[in-house]
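The values are calculated or read from the model by the stated rules, or taken from the named source; none is laboratory data. Fair warning: this is a prediction, and the values are worked out from it, not measured in the lab. Methodologically, a virtual Cβ is constructed for each residue, glycine included, from the backbone with ideal geometry; neighbour enumeration extends over all protein chains shown.
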Amino acid sequence: RKEVEQDPGPFNVPEGATVAFNCTYSNSASQSFFWYRQDCRKEPKLLMSVYSSGNEDGRFTAQLNRASQYISLLIRDSKLSDSATYLCVVGGYGGSQGNLIFGKGTKLSVKP
Amino acid sequence: NAGVMQNPRHLVRRRGQEARLRCSPMKGHSHVYWYRQLPEEGLKFMVYLQKENIIDESGMPKERFSAEFPKEGPSILRIQQVVRGDSAAYFCASSPRGRTAMGWNTGELFFGEGSRLTVL
């Protein structure tokens, strides 16, 4: 099983649609969870952290289910500018030797 | 307020040559990370450095690859005797704080725009 696994997509959705991305991780000792966004041929940028209680930032909602080792990202009212690859990131296996593990990403394409 | 600066942005090398990639972290950041992204692949952790120290190089290939972050100057990722399989985007990231015993505080790594290495 891969450390961080995502559906690669692509997800092709019309503007205004709601889209959900899922991610699973293999190491139950993981401590930290994030979603990053990467535009084509650009660097990744932090989109939001993911907490057990769930968190929302505008049109974006992230959820974490530790029991199932599952992370999700929901985007409501999709915009053309949301087109990008969304990277699920897991970190901190405990101790000082953990590092951030990036999934391969899920590609989203929002069409007019 | 300059972000993470990487150079060169694009580098072409022939097999057997050396590639040197440089990274200047954001001002005030003393933690530097190198990641490699192969075409159609995710980012793979290579090495984590603080000034003058390699903290974690568990992702570095055992041969031909080395990294440093001297007291003065940028961090350098060096690839000796490059092969075609080294062709990739190499991203450097920095953070103001490193990992802690409890894991990451915010998870925010600030990435540079990457250096794209092509080996002919």
Check your understanding: Is it the case that A:K2 is surrounded by fewer than 19 Cβ atoms within 10 Å (Cβ to Cβ), basic (K, R) and not in a strand (DSSP E or B)?
Key -> yes
Practice item. Collect the residues in region A:60-107 that are of a type in the set (S, T, Y), modelled with pLDDT of 95 or more and part of a loop (DSSP other than H, G, I, E, B), keeping them in residue-number order. Key: A:S78, A:S83
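Quick one: would you say A:V110 is assigned to a strand (DSSP E or B), more than 7 Å from chain B (Cβ to nearest Cβ) and more than 16 Å from the chain's Cα centre (by Cα)?
Against the criterion (assigned to a strand (DSSP E or B), more than 7 Å from chain B (Cβ to nearest Cβ) and more than 16 Å from the chain's Cα centre (by Cα)), A:V110 qualifies.
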Review point. Counting only residues that are within 14 Å of the chain's Cα centre (by Cα) and within 8 Å of chain A (Cβ to nearest Cβ), which one in region B:22-54 is nearest to B:R9 (Cα to Cα)?
Key: B:Y35
Check your understanding: Residue check: is A:I71 buried (at least 18 other Cβ atoms within 10 Å of the Cβ) and under 25 Å from B:A93 (Cα atoms)?
Key -> yes
Exercise for review: Answer with yes or no whether A:N22 is more than 11 Å from chain B (Cβ to nearest Cβ) and outside any loop (DSSP other than H, G, I, E, B).
Suggested key: yes
**Study point:** Filtered residues of region B:44-68 (kept if surrounded by 16 or more Cβ atoms within 10 Å (Cβ to Cβ) and not acidic (D, E))
**Key:** B:F45, B:M46, B:V47, B:Y48, B:L49, B:I55, B:G59, B:M60, B:F65, B:A67
